[in-house]
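The values are calculated or read from the model by the stated rules, or taken from the named source; none is laboratory data. All of these numbers come straight from a predicted model, not from anything done at the bench. Please note: Cβ atoms are built from the backbone with ideal geometry, for glycine as well, and neighbour counts cover all protein chains shown.
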Amino acid sequence: MKKLIITTGILLAGLLQANAQRPVSQNAIGLRLSLNETVGPEINYQRLLSDKNRLELGLGWKQTKHVDAFKLSGVYQWLWNIEGGFNWYAGVGASVGSWNDDHRDKSGAILALAGQIGVEYHFNIPLQVFVDFRPEIYLTDYYKDNNFGPDFGLGARFKF
C-alpha cells in the first residue's frame, strides 16, 4: 500500500510538472458565463491545433420566464504569450442555434458571425481562467432590433 501511494504521488508530481512546462494544454473543458442578454452559460471546450492556434467550441443555453434558446459556437483562435502563464487570444467564428420567445409569440433559428478577443491565465495545476469579449452579428432576427450582440464572458477550464 505504501509503494502504491508513493508511486501515485510521483506520477501526479510528474504530470503537474509536465503541465507547468507547457502552459497551454492540448485540451481544456469548462464553463463560460455570459455577462449579457445573448445566450447565457456555455459548456466550453478548447482543442490546441498548433503552438499558436486552437479551436474553441461552446454549447450555450438560455432559459428565462419567456425565452428558451440554445446556441452552438465555434471560434478559430490565434494565441500570443504575454508573460509566464498569461496569454491573450483573438479569433473568428460562427454560431448556430434555435430560440423561442413566448412573450412575443415568436421563434426561429440563430445564425451569427462572431469575433473574439480575450486574456487567460494558466495555473501550474490543470486550471485555466479567462475573461473575453465575443461580439456577434446575428444574420437572423434573434437578438433585439439591430442584430448586434456584445457578449462579455468569464470562466474557468480544466486542462488535460
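Odds and ends about this structure:
- Residue in the stretch 136-144 that is polar (S, T, N, Q) and closer than 28 Å to Ala28 by Cβ present: no
- Gln46 vs. criteria modelled with pLDDT of 95 or more and of a type in the set (S, T, N, Q): yes
- Gly84 vs. criteria touching a residue at least 12 places away in the same chain (Cβ under 8 Å) and touching a strand residue (DSSP E or B) at 6+ places or on another chain (Cβ under 6 Å): no
- Only listed residue being outside any strand (DSSP E or B), in contact with a strand residue (DSSP E or B) (Cβ under 6 Å, 6 or more places away or on another chain) and not hydroxyl-bearing (Ser, Thr, Tyr), chosen from Val75, Val39: Val39
- Close pairs from the stretch 104-127: first in a loop (DSSP other than H, G, I, E, B), partner basic (Lys, Arg), Cβ under 6 Å, at least 6 apart: Pro126/Lys159
- Members of the stretch 73-93 found to be of a type in the set (A, V, I, L, M, F, W, C), crowded, with 16+ Cβ neighbours inside 10 Å and closer than 14 Å to Ala112 by Cβ, listed by number: Val75
- Contact annotation: residue pairs with Cβ atoms under 8 Å, 6 or more positions apart or on different chains, pairing a residue in the stretch 36-65 that is more than 19 Å from Tyr138 (Cβ to Cβ) and of a type in the set (Phe, Trp, Tyr) with a partner that is at pLDDT 95 or above and assigned to a strand (DSSP E or B), are Tyr45/Asn27; Tyr45/Ala28; Tyr45/Ile29; Tyr45/Glu56; Tyr45/Leu57; Tyr45/Gly58.
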